[in-house]
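Chemist: One structure is given below, represented as structure tokens, and several questions about it will come after.
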Amino acid sequence: MNQTALDILNNTFGYPEFRNQQKAIIEHAIAGEDVLVLMPTGGGKSLCYQIPALARPGVGVVISPLIALMQDQVDALAQLGLNARFLNSTLSAQQVYEIEQELRQGIVDFLYIAPERLTQQRTFDLLQQVQISIFAIDEAHCVSQWGHDFRKDYLSVTLLHENFPNVPRIALTATADARTKQEIIDRLQLHDAQQFVSSFDRPNIKYTITQKTNAKKQLLNFIQSKHLNNSGIVYCLSRKRVEDFAEYLNQQGLNALPYHAGLPAPLRQTHQARFLREEGIIMVATIAFGMGIDKPDVRFVAHIDLPKSIESYYQETGRAGRDGLPSEAWLIYGLQDVVFLQQMLAQSQGQENFKRAEQNKLNAMLALCESVDCRRINLLNYFNEARLETNCKNCDNCITPVKTWDASIAAQKALSTVYRTEQRFGASHLIDVLMGSNNQKVKQFNHDQLSTYGIGADLDNNAWKSVFRQLVIKGFLSVDYEQYGALKLSESCRPILKGEQTIMLRQDSIEKIKKSVSAKRAAQTKNIDPADLKLWARLKKTRKDLADEFDVPAFVVFSD
Ligand code: ADP
Ligand code: MG
Ligand code: ZN
């Protein structure tokens, strides 16, 4: 072992030994080779460039997208007696001038630079004049359009190789899917770099993904029953929800702070500092919070809204349990989340192939949610890591195996109702019709006159929500954004309506099938419940009508 590297680890950073692949990574970087590091959040990437930067002559230049955290990082290094500086848009001309002076004097150990600074001629000229030990490209996935956090400014990093051919580069990221990795290699010209890929398994994190019924109550119950006085992060999709939930948790006697990009910067900083320093604070935040946050004892990460990709989910949940102690990743989601995210996608600006990629990622996230298999195996498979061969025994699906049920009849009822209401309504109204509710809207549209009115009384509201959610996610229904999220039939539901295809759905833990005997089974047995028989006859008639109509060649419903 290179003595200087271990010396630096022990004496400068105060750690007794290297973790996992740190030693090998650091040795290659000190030797002047280009290195690509894929390591999960909390794995210890910073030391991988900080130690080579100190071991080699010159200043270590760190490109980081996190302007908000540069000050923290620089302060942390200063505490260790190192001279660290940053260059970003928050500095005055005088401050910049002073830093430039120090750099020319060769007394700076680390220079953190925001990517947009790199493209400035002044910065380039400056860097040409000083001795650079290493370029560290932190959060390197930001150069990838396929990745979850593309930053246009990061493309400036691609210039480093040509302009500084003799300075070794180390690119680091916690994103590991194959396409993002390839894009990093291509864009940064790291084809000859040594690659270090750590396992992405986080055995101490227990994953739970479940359905949203009442987000506030569920979250409160989760925290109170399992994480009282623990530090945790609650991720929400919107600023409004952040404020709403932070207030709610506080009202319930918990210690919660809001964090989102719409809050004034000083308040954000105060909240972040309190979260880091005090114990037992719950940070209720949008995804603006978290990248680069280094708090070892976060005991839970809760998502009360669906993340838009597995990459984001993994990254965000990865902030739990960096100290290796048991921690939880807990997610609740519902049809509304799916509708909302797909709507955002539909309305987003961007090239078609970009949108398609985003849609694929959302689909993968949904598949993970709906899967009945071990969460950990699913996650690792997604990151192309087929390491776990047996179930983890520490995720919701392993602990309580999911039951599936034959939902063919329920699906027929649901799809028939979509058709009968002319594909103009969202799930909640459809459920009202199915369950025979006589609310205002049902009456207003005369939907109590439909043949499917009340034929779904055998399932409760949550069960129907689950059915609709799964029908959407499986592609049997699509969401019409022009029409306020109305559900429409897809071509693929034809065999189900005709009774030619069985459909198995996961039985969500919260749903109760009111009657264990399905209408169909009842109709086949001798002791027919007359009510069931009546329902079944009505359904059969509906189905027959539909099937007949479906066979008309010019059937128009599907062609739009
Ligand atoms: P990453 O950037 O990969 O998310 P960090 O570099 O922020 O991770 O490191 C996460 C935590 O692990 C930090 O608190 C860091 O000080 C600690 N750490 C890293 N390497 C070691 C080590 N060899 N021994 C002890 N602690 C370490
Ligand atoms: Mg990091
Ligand atoms: Zn498992």
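Derivation of every value follows stated rules applied to the coordinates shown; laboratory data play no part. Computed from a prediction, not measured in an experiment: that's the story for all the values here. Note that we place each Cβ from the backbone using ideal geometry, even for glycine, and neighbour counts take in every protein chain shown.
Chemist: From the phi angles alone, apply the Karplus equation (6.51, -1.76, 1.60; θ = phi - 60°) to segment 298-305 and give each ³J(HN,Hα) in whole Hz, x where the residue is Gly or Pro.
Modeler: Here the 3J(HN,Hα) series is 6, 8, 8, 10, 10, 10, 9, 9 Hz.
Chemist: Separate question: May I ask you to work out the translational diffusion coefficient for segment 1-54 at 25 °C, viscosity 0.890 mPa s, via Stokes-Einstein with Rh from the Kirkwood sum over Cα pairs, reported in whole µm²/s?
Modeler: Approximately 220 µm²/s, per Stokes-Einstein.
Chemist: Continuing with this model, one more query. On a 19 Å Cα-Cα criterion, which of the cross-link pairs K206/K226; K308/K474; K45/K295; K295/K393; K216/K295 come out too long?
Modeler: K295/K393; K216/K295
Chemist: Among V372, I63, F164, whose Cα projects farthest towards the positive end of the dipole of the chain, with charges put on the beta-carbon of Lys, Arg (+1) and Asp, Glu (-1)?
Modeler: Value computed over the given set: V372.
Chemist: Averaging sequence separations of C-alpha pairs under 8 Å and six or more residues apart, then dividing by the length of the chain, give the relative contact order as a whole percent.
Modeler: After rounding, I find 11 percent.
Chemist: Show which aspartates and glutamates lie in cross-link reach of K240 when reach means a straight Cα distance below 17 angstrom and same-chain residues fewer than eight apart are skipped.
Modeler: Here the aspartates and glutamates satisfying the reach criterion relative to K240 are D305, D337.
Chemist: How big is the charge dipole of the chain about its Cα centre, in debye rounded to the nearest 20, if each Lys and Arg gets +1 on its Cβ and each Asp and Glu gets -1 on its Cβ?
Modeler: That gives a dipole near 2260 debye.
Chemist: Compute the FRET efficiency between D7 and A78 as 1/(1 + (r/R0)^6), taking r as their Cβ-Cβ distance and R0 = 25 Å, and round to the nearest 0.05.
Modeler: Between D7 and A78 the formula returns 0.80.
Chemist: On to the next question. For K226 and A288, FRET efficiency with R0 = 35 Å and r from the beta-carbon atoms, rounded to 0.05?
Modeler: FRET efficiency, A288 to K226: 0.85.
Chemist: Output wanted: per-residue J couplings in Hz (rounded whole) for segment 229-238, from phi through Karplus 6.51 cos²θ - 1.76 cosθ + 1.60, θ = phi - 60°, x for Gly and Pro.
Modeler: These are the phi-based 3J(HN,Hα) values: 6, 8, 7, x, 10, 10, 8, 10, 7, 10 Hz.
Chemist: Expressed as cubic angstrom per residue, what is the convex hull volume of the alpha carbon set of segment 20-89?
Modeler: 111
Chemist: Could you work out the helix-only [θ] at 222 nm for the chain, with each DSSP H run of four or more residues adding -39,500 (n - 2.57) and the total divided by the number of residues, to the nearest 500 deg cm²/dmol?
Modeler: Mean residue ellipticity at 222 nm (helix-derived): -12500 deg cm²/dmol.
Chemist: If you filter segment 1-51 for trypsin sites (Lys or Arg not before Pro), then keep DSSP loop positions with at most 16 other Cβ within 10 Å, what is left?
Modeler: R19
Chemist: May I ask which residue of G280, M504, Y333 lies farthest towards the positive end of the charge dipole of the chain, with charges of +1 (Lys, Arg) and -1 (Asp, Glu) on Cβ and the Cα centre as origin?
Modeler: The residue sitting farthest along the positive end of the dipole is M504.
Chemist: For an R0 of 30 angstrom, estimate the FRET efficiency from the Cβ-Cβ distance between Q251 and N381 and round to the nearest 0.05.
Modeler: 0.15
Chemist: Hey, another quick one. Roughly what % antiparallel, to the nearest 5, for the DSSP beta bridges in the chain?
Modeler: Bridges in the chain are about 15 percent antiparallel.
Chemist: Which aspartates and glutamates, if any, have their Cα less than 14 Å from the Cα of K441, not counting same-chain residues under 8 positions apart?
Modeler: Cross-link targets: D432.
Chemist: Okay, next question. State the answer as a single residue: which of L36, L127, V301 lies farthest towards the positive end of the charge dipole of the chain, with beta carbon charges of +1 for Lys and Arg and -1 for Asp and Glu, about the Cα centre.
Modeler: Result: V301, furthest along the dipole toward the positive end.
Chemist: Next up: If each residue of separation counts as 0.36 nm, what is the full-extension length gain between Q105 and S238 once their alpha-carbon separation is subtracted?
Modeler: Value of the extension gain: 43.2 nm.
Chemist: Given a cut-off of 42 Å, what percent of all Cα-Cα pairs of the chain lie beyond it?
Modeler: Taking all Cα-Cα pairs of the chain, the fraction more than 42 Å apart is 32 percent.
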